[in-house]
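The values are calculated or read from the model by the stated rules, or taken from the named source; none is laboratory data. All values derive from a computational prediction rather than experimental measurement. Cβ: placed from backbone, ideal geometry, glycine included. Neighbour counts: every protein chain shown. Quick note on the areas: whole protein, heavy atoms, side chains included, nothing else; ligands and nucleic acids left out. Shrake-Rupley method; radii C 1.70, N 1.55, O 1.52, S 1.80 Å.
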Amino acid sequence: MIKAVVFDMDGILFDTEIVCMKAWMAIAEKNGMPGMEEVFPKCIGLNSNDSRQIVLEAYGEDFDYPGFRQQSSEWFQEYMEKNGLPIKPGAREILEWLWENKYIVGLASSTRSSSVFGHLERSRFRDYFSTVVTGDMVEHSKPRPDIYLLACGQLGVSPAEAYAIEDSPNGIRSAHAAGMRPIMVPDMIAPDDEMKGLSFRIMKDLREVLCYLKEQHRQTGQL
């Protein structure tokens, strides 16, 4: 029996993965860093600690990673101020339906807490979540299971009693390793055979996920 739904944030609730990629690419070009188009996808779904290792492997141990992230963050924030926070289609609808039907809902994002809570406040999504776990609350985030295990623990459910709604391969790996039922809603990276094997379902968008949850609820009174 499924009791809870735990959402990823970037690429699931907000169309921010593409903006983050643009920020990294812009700063990489400005600073003469070739190959960022290959480095960035490896970092999708990771927290800052784990992303740092990938970037240092690409650009050397003496690379100024904090400076790079600061410049990228400033580019990202300027974009948000100018264009607003892009909310994914169906995000508000699925959160409202889960809230109205009294399901337990959590969020597990590898992004740092200041950005996560800033996005949730700006979108007015914060009240939908019983718990919010961020990348700086764990030493290693996705693809390791820590962040989802922490979220399920705070929600008071076993991982087997929860769906994880994810867009990235690292997120699917994390949720699967935690023992959850991962539903993949691909964003920037299309599912390969590994993702098809690890995912409980693969759906095109949150509206399709909502239709699935509604049907499960209609048939059984639960998810």
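Values computed for the structure shown
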quantity	calculated
In degrees, nearest ten, helix 17-30 long axis to first principal axis of the chain (Cα)	0
Accessible surface, 1.4 Å probe, highest first, among residues 75, 99	99, 75
Carbon + sulfur, % of accessible area of the chain - ligands and nucleic acids excluded, 1.4 Å	48
Proportion of all alpha-carbon pairs of the chain beyond 32 Å (%)	16
Globularity ratio of the range 1-87, using Cα Rg and 2.2 N^0.38 Å	1.21
When the range 150-201 is reduced to its Cα atoms, the Kirkwood hydrodynamic radius in Å	10.9
Listed peptides 11-17, 119-125 by packing density, highest first (mean Cβ within 10 Å)	11-17, 119-125
Spin-label zone in the range 179-206 - amide nitrogen under 19 Å from a point set 7 Å from the Cα of residue 100 along the C-beta vector	206
Residues residue 188 and residue 1, FRET efficiency given R0 of 35 Å [Cβ-Cβ distance, rounded to 0.05]	0.60
Computed E for residue 122/residue 61 - FRET, C-beta separation, R0 41 angstrom, nearest 0.05	0.65
DSSP beta bridges in the range 1-146 [antiparallel fraction, %, rounded to 5]	10
Largest to smallest principal axis extent of the C-alpha atoms in the range 91-188, angstrom	29, 29, 28
Average accessible surface area per residue within the chain, 1.4 Å rolling probe, Å²	47
At most 15 other Cβ within 10 Å, DSSP loop - trypsin sites (Lys or Arg not before Pro), the range 138-223	204
Calculated [θ] (222 nm, deg cm²/dmol) that DSSP helices of n ≥ 4 give over the chain, each run adding -39,500 (n - 2.57)	-16000 deg cm²/dmol
